[in-house]
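Q: Right, I'll just put the structure down here and ask away after.
The values are calculated or read from the model by the stated rules, or taken from the named source; none is laboratory data. What you see is a predicted model; the values in this text were computed from it and never measured. Methodologically, a virtual Cβ is constructed for each residue, glycine included, from the backbone with ideal geometry; neighbour enumeration extends over all protein chains shown. Ligands, DNA and RNA are stripped out before the accessible areas are found, and what is left, the full protein with its side chains, is counted by its heavy atoms. Shrake-Rupley method; radii C 1.70, N 1.55, O 1.52, S 1.80 Å.
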Amino acid sequence: MYAKISLKLASFLKKRLIEIIGIVITFFSIFLFLALISYAPDDPNFWYPKTKIIKNLFGFRGSVVADFGIQSIGIMAFLFSVNIFFWGIQILKAKNFNNLITKVFFSNIYIASGTTAISIYQDQSFWLIDNGNGGFVGRIFKELIFNYTNFSESYYLLIFLTFITFVFFVLSIELKINHMLKIFKIFNLFNKNKKIY
């Protein structure tokens, strides 16, 4: 009897702990997204610690986190914040960490392909001055491609990288086909309502 109670208690505590982690991840994703959209290049960070008015919604901490995300993976940081949000919700629903390592692996692939595509085809930015739209990760991959292949700025390379980014993003958030169809339906309804007004 005591063994059963202990098992139930352990199971209950485990689920609550997983829920807390899921909540933390979800809130962190929201924090990251808001920090990114309020990012200002002249805000202070670890590299340029100036004492001035900070524009970021979360002050110095938000400025540092946003700067690191944007300087490393560029505008893909926005997509990654969405990625983390899905992970948090999925952990809360399932109350487990199933396939988390696989999801992290998939996210690394789409970040690498996405930052590379952006760095090659749309790198110039008045906003992301230091490392461009693809961040320093995208720049590294871009230089590797330019130095060791003949695919530089090829239209087929853009299609391939875009396809890889989309597919592995979908895999990283475990977005099923029926979920995608629902999203498209909602999007179509929104567009129809927009036309009416």
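Q: So, of the residues in the stretch 119-162 that are among the hydroxyl-bearing types (Ser, Thr, Tyr) and part of a helix (DSSP H, G or I), which turns out to be modelled with the lowest pLDDT?
A: Going through the qualifying residues, I end up with Tyr148.
Q: For the stretch 79-118, which residues satisfy the criterion of being at pLDDT below 95, of a type in the set (A, V, I, L, M) and surrounded by 23 or more Cβ atoms within 10 Å (Cβ to Cβ)?
A: Passing the criteria: Ala117, Ile118.
Q: Separate question: Please determine, by comparing only the residues of the stretch 55-78 that are open to solvent by 50 Å² or more (accessible area, probe 1.4 Å) and of a type in the set (A, V, I, L, M), which one is farthest from Ile140 (Cα to Cα).
A: Leu57
Q: Any residue at all in the stretch 6-28 that is in a loop (DSSP other than H, G, I, E, B), within 30 Å of Thr165 (Cβ to Cβ) and either open to solvent by less than 90 Å² (accessible area, probe 1.4 Å) or modelled with pLDDT of 95 or more (or both)?
A: Checked against the condition, which is being in a loop (DSSP other than H, G, I, E, B), within 30 Å of Thr165 (Cβ to Cβ) and either open to solvent by less than 90 Å² (accessible area, probe 1.4 Å) or modelled with pLDDT of 95 or more (or both), the stretch 6-28 yields no hits at all.
Q: With (1) within 17 Å of the chain's Cα centre (by Cα); (2) open to solvent by 30 Å² or more (accessible area, probe 1.4 Å); (3) free of Cβ contacts under 8 Å to residues at least 24 places away in the same chain as the list, and Phe146 as the residue in question, which single condition is left unmet?
A: That leaves (1) as the condition not met.
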